[in-house]
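These notes are about the structure you will find just below.
The values are calculated or read from the model by the stated rules, or taken from the named source; none is laboratory data. None of the values given here were measured: they were computed from a predicted structure. Cβ placement follows ideal geometry from the backbone for every residue including glycine, while neighbour counts extend to all protein chains displayed.
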Amino acid sequence: MTELKMRVWRGDASGGELCDFTVEAEEGEVVLDAIHKLQATQAGDLAVRWNCKAGKCGSCSAEINGRPRLLCMTRLADFDPTETITVTPVRAFPVIRDLVTDVSFNYEKAKEVPAFAPGPPDADGKRRMMQADVERGQEFRKCIECFLCQDVCHVVRDHEENKPAFAGPRFFLRYAELDMHPLDTHDRRELAQEAAGLNMCNITKCCTDVCPEGIKITDNAIIPMKERVVDRKYDPLVWLGSKIPRRGGGPAREDV
Amino acid sequence: MTGRHPMTGNRMDAEAETEAHGFETHDYDVVVIGGGGAGLRAAIAAHDAGAKVAIVCKSLLGKAHTVMAEGGIAASLGNAWPEDNWKVHFRDTMRGGKMLNNYRMAELHAQEAPERVLELEEWGALFDRTAEGLISQRDFGGHRYARLAHVGDRTGLEMIRTLQQRAVSLGIDVFMECTITEVFSTGGADGTSISGAVGYRRETGRFLVFNTPSVVLATGGIGKSYQVTSNSWEYTGDGHALALRAGASLINMEFVQFHPTGMVWPLSVRGLLVTESVRGDGGVLRNSEGRRFMFDYIPDYFKDETADTEEEGDRWYEDKKNNRRPPELLPRDEVARAINSEIKAGRGSPHGGVFLDIASRRDAEFIRRRLPSMYHQFKELADVDMTAEPMEIGPTCHYVMGGVEVDADSQVSIVEGLYAAGEVAGGMHGSNRLGGNSLSDLLVFGRRAGESAAAHAEKAKGSAGLQSDAVKASAERALAPFAEEGGENPYTIQKDLQDVMQRLVGIIRTGEELRESLTEIEALKQRAGHLTVEGHRQYNPGWHLALDLPNMLLISECIATAALEREESRGGHTRDDFPGPNDEWGTKNLVLTLDDESVHLEHQTLPVMSDELKTLFEEPS
């Protein structure tokens, strides 16, 4: 058992500060364990989101020493024992309290994605897809919606003004997943480009770097989507030029 | 307490809201409590039936416990084995539950599961495929054929995301991070019926009121009352407790499933689920002597369908017609008890479990492809490479078979307008649930509950509504821990409860220990009557726990009470002092109700299946 030094941001929308704590740490523990011990013994009202504590639900996103990570998948052993571990709320979203932020941006953007629309089934009523064809979408559907990719994306991280026109990497994954779904009948390229702001992404791969599921967001979803948009538009520079004044909100569903 | 909070300036009493603006109030035809698989499916069904629906869930949408389900959804699609059909699935389910299941629920479940799985595909789910391009099906304990539709080992994530995206596209209202503290019913000449529900927003601590004639409970289970559990903080038995307090009854509460394979080391992840698919895909259990000990624990009940040599068990993966399945794939209760016995006999692993070995039996590429999240979980959290070495595992509290007593076809409880679906409902799984049967349960009965709730709302339109004094009293009760000075810390009481349940109401039980547990729970209830929480109402986990604790205590009492009464061993209930099943007990359910704050228990005869269904159990297996 060792004494672990922690600094945890505490406060709300009106402001806050880093608070120092010392907590007993045991072998094999993760940062979320340390936070739970603080709650149980020193700060009963310390606000943090968590559910599965197994890297499967994507609830406990925060920034640990400035890096967006899941609290439940960050082991204390990864740090030098003398190091102070600093935990702050994700920066791209407004703070509610302590480590809990208002992530409703993501749920609003989810509403703008038109639903999956399959064609008719095979003659015998069944649907057939080959494993190789579903695997592309399956990679994107591994997404646990931790929103760390949204947090790290520099288009919105410090640019609140970009949020209306930009859905972010999580939703580029969703558009790509639907676009590559063997049964989906919509063409989502224009929507991804115009309403979701795919063009604003300049592929710095920060999202891929922080994805706890190891999804190759940039290489496998964003870049192919950009290429497919180009295929459709033929001349990207002319097209981009004509679209520079950004649109707020998404177009109506029939535009899909 | 009438003061204002020093930090926020909020008034800390309920009066502030009623005086100034009134409580936030909503009118719905159907309110679904819980945003997991059952809740989402119920909401979709009620919406499709024309009802105005709200989903109220404790976490963000898409984070519910369903997301943690790994192995798959049991449904006799017949894609892997054309011999499979609903009758075989029904038979497997009943035998897995040691015939204590509500046969009608098991029948509906087996019949409708395939349709519900195919429906998910219509809504965008991407299941793993067979060579012909159909939905692939994998082996699991207690299922005669490979039957589980799956997506690697993250099937629950696929299911919840599909349902979530469907619900969002239908425009269903979702109240995220809201906890319901009370469901109200009113007694009339023709019985009790639902009038609404009260809860609070976690974000602000403000109360909200729902006027509704139909409430669907889809709140999941109770595992957080145990020390070693695969369940999250949300599993505090809320729905079970809300139902009891609203006048409904619970059945089968003595049956708690301990999943055979939870992680045991490091302590931080103790209890975390290791999917049964590891065994379904070829993994075996060994003790410290390297012996595949499950061959020593084949019960007579399953002798005819279980391999008695390693060679036969190994051949079964490829040829199911001429071989019987390996004993590692016996139902979960059998495997969990066997592991428990090996550990007690001193043949356990260094950290108090046994070994689960797939590394010596399947190649690394196969393991990583079939079990990607297990690979990730062991690598990241335990520094174990499951493709190269065995894993240490042990039993973990996973699921409660018991729940709200409901009508099999409509999911209505004995209270008019109150429905339950999924883990919070009882009966479907009898004394033990087969792996893969819970995801299908959520879909089949979620849909049925949603449709029934919508139909009831249509009939009962305009009749529901809460009295403001009842709401105010409810809010005041919820705020009491802020006023209490020098009371107990809710975290301490939760920890003590977990210790009692783990020690005295665990896998192996005795009358003496169960009596002791009831005394201890009573003492904890007294202590929990005086809780103190620090801080203010905005997103305060200590306060949230203080409000969940009474539910945990009440349901723990129900489990211990029923477990003490049932003097036999069956499925998820093992009595050291009454080993083996007893035929007379095999015809009985234990029914619990709340009578003036105290738990009341009655015996009830099980429904008897038709002669036609009975013939399914006469055929040779």
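Just one of (1) crowded, with 24+ Cβ neighbours inside 10 Å; (2) within 14 Å of chain A (Cβ to nearest Cβ); (3) part of a helix (DSSP H, G or I); (4) not β-branched (Val, Ile, Thr) fails for B:GLU70. It is (3). Here the condition is being crowded, with 21+ Cβ neighbours inside 10 Å, of a type in the set (Gly, Ala, Ser) and not assigned by TED's automatic domain parsing to the domain that holds A:LYS56; of A:ALA195, A:ALA132, it holds for A:ALA195 alone.
The set of residues in segment B:299-316 being part of a loop (DSSP other than H, G, I, E, B) and buried (at least 18 other Cβ atoms within 10 Å of the Cβ) consists of B:ALA307 alone. Can you pull out the residues in segment B:313-329 that are of a type in the set (Lys, Arg) and within 12 Å of B:TYR145 (Cβ to Cβ)? Hits for segment B:313-329 are B:LYS320, B:LYS321, B:ARG325.
Number of residues in segment A:63-79 that are of a type in the set (A, V, I, L, M) and more than 14 Å from chain B (Cβ to nearest Cβ): the value is 1. In segment B:356-377, the residue that is surrounded by the fewest Cβ atoms within 10 Å (Cβ to Cβ) out of those that are touching a residue at least 24 places away in the same chain (Cβ under 8 Å) and under 26 Å from the mean Cα position of the chain (by Cα) is B:PRO372.
When B:GLN137 is tested against (1) buried (at least 24 other Cβ atoms within 10 Å of the Cβ); (2) at pLDDT 95 or above; (3) in contact with a helix residue (DSSP H, G or I) (Cβ under 9 Å, 6 or more places away or on another chain), exactly one condition is not met: (3).
Each residue in segment A:11-57 was checked for being at the interface with chain B (Cβ under 9 Å from one of its Cβ atoms), of a type in the set (Asp, Glu) and over 27 Å from the mean Cα position of the chain (by Cα), and 2 of them qualify. The set of residues in segment B:104-117 that are surrounded by fewer than 23 Cβ atoms within 10 Å (Cβ to Cβ) and either in contact with a Pro (Cβ under 9 Å, 6 or more places away or on another chain) or touching a residue at least 40 places away in the same chain (Cβ under 8 Å) (or both) comprises B:ARG104, B:GLU107, B:LEU108, B:GLU112, B:ARG116. Screening A:THR82 on (1) buried (at least 20 other Cβ atoms within 10 Å of the Cβ); (2) over 30 Å from B:GLY205 (Cα atoms); (3) more than 9 Å from chain B (Cβ to nearest Cβ) shows it passes everything except condition (1). Give segment B:337-387 a look and list any residue that's more than 27 Å from A:GLN131 (Cβ to Cβ) and part of a helix (DSSP H, G or I), or say none. Listed by number, the residues that qualify are B:ARG337, B:ALA338, B:ILE339, B:ASN340, B:SER341, B:GLU342, B:ILE343, B:LYS344, B:LEU381, B:ALA382.
Only one of the numbered conditions (1) touching a residue at least 60 places away in the same chain (Cβ under 8 Å); (2) more than 22 Å from A:PHE147 (Cβ to Cβ); (3) of a type outside the set (Phe, Trp, Tyr) is not met by A:ARG228, and that is (1).
Of the helices (runs of 4 or more DSSP H) entirely within segment B:465-561, those holding at least 1 residues that are within 13 Å of chain A (Cβ to nearest Cβ) and surrounded by 22 or more Cβ atoms within 10 Å (Cβ to Cβ) occupy B:468-483, B:490-504.
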